[in-house]
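See structure below.
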Amino acid sequence: QVQLEESGGGLVQPGGSLRLSCAASGSIFSIYTMGWYRQAPGKQRELVATITSGGSTNYADFVKGRFTISRDNAKNTVYLQMNSLKPEDTAVYYCYTRISITTYWGQGTQVTVSS
């Protein structure tokens, strides 16, 4: 059994920053990919960023140059540093990890960007 625990969400002003964390625990033997999705009210869930076990990253166009994904394999933790936040970044952010062929999800953390 694998669990993902998210933290770091909150309320920030436009242009501000937040850092999200997601720690995996349980029966973890090999992690291929970790990453983040987000979902705003009335919108589809959308992929934000991914990072492989080797550190290769991919970003959605709408966060390039503003967000940075990183990981600490020793701690089985993935991070999302979010800078220059915009109101349209407001959403529930969900972390995930793919272990072998199985995907596990975090509980979600609310990010609100408002003046």
### Summary
When (1) farther than 16 Å from E5 by Cα; (2) in contact (Cβ under 8 Å) with a residue 40 or more places away in the chain; (3) of a type in the set (F, W, Y) are applied to Y104, the one that fails is (1)
### Task
Please specify each residue of the stretch 98-115 satisfying the condition of being hydrophobic (A, V, I, L, M, F, W, C), over 13 Å from G9 (Cβ atoms) and touching a strand residue (DSSP E or B) at 6+ places or on another chain (Cβ under 7 Å).
I99, W105
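Among the residues in the stretch 7-19, are any at pLDDT below 90 and of a type in the set (A, V, I, L, M, F, W, C)?
Restricting attention to the stretch 7-19, the residues satisfying the condition of being at pLDDT below 90 are none.
No: the stretch 7-19 contains no residue that is at pLDDT below 90 and of a type in the set (A, V, I, L, M, F, W, C).
For the stretch 66-93, which positions are within 18 Å of V12 (Cβ to Cβ) and open to solvent by 10 Å² or more (accessible area, probe 1.4 Å)? If you could, list the steps in order and put the result at the bottom.
Of all residues in the stretch 66-93, those within 18 Å of V12 (Cβ to Cβ) come to 66-68, 79-93.
Scanning the stretch 66-93 gives R66, T68, Y79, Q81, N83, S84, K86, P87, E88, T90, V92.
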### Matching option when the condition is exposed (fewer than 12 other Cβ atoms within 10 Å of the Cβ) and over 10 Å from the mean Cα position of the chain (by Cα), among G10, G15
G15
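Take Y79 and tell me if it is of a type outside the set (G, A, S) and at pLDDT below 95.
Working: of a type outside the set (G, A, S): yes; at pLDDT below 95: no.
So Y79 does not fit the description; no.
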### Query
If you scan the stretch 22-62, which residues turn out to be without any contact (Cβ under 8 Å) to a residue 40 or more places away in the chain, charged (D, E, K, R) and open to solvent by less than 40 Å² (accessible area, probe 1.4 Å)?
none
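The values are calculated or read from the model by the stated rules, or taken from the named source; none is laboratory data. All values reported here derive from a predicted model rather than from experimental measurement. Don't worry about glycine lacking a Cβ; one is built from the backbone with ideal geometry, like all the others, and counts go over all protein chains shown. Only protein heavy atoms, including side chains, enter the accessible area calculation; ligands, DNA and RNA are left aside. Shrake-Rupley method; radii C 1.70, N 1.55, O 1.52, S 1.80 Å.
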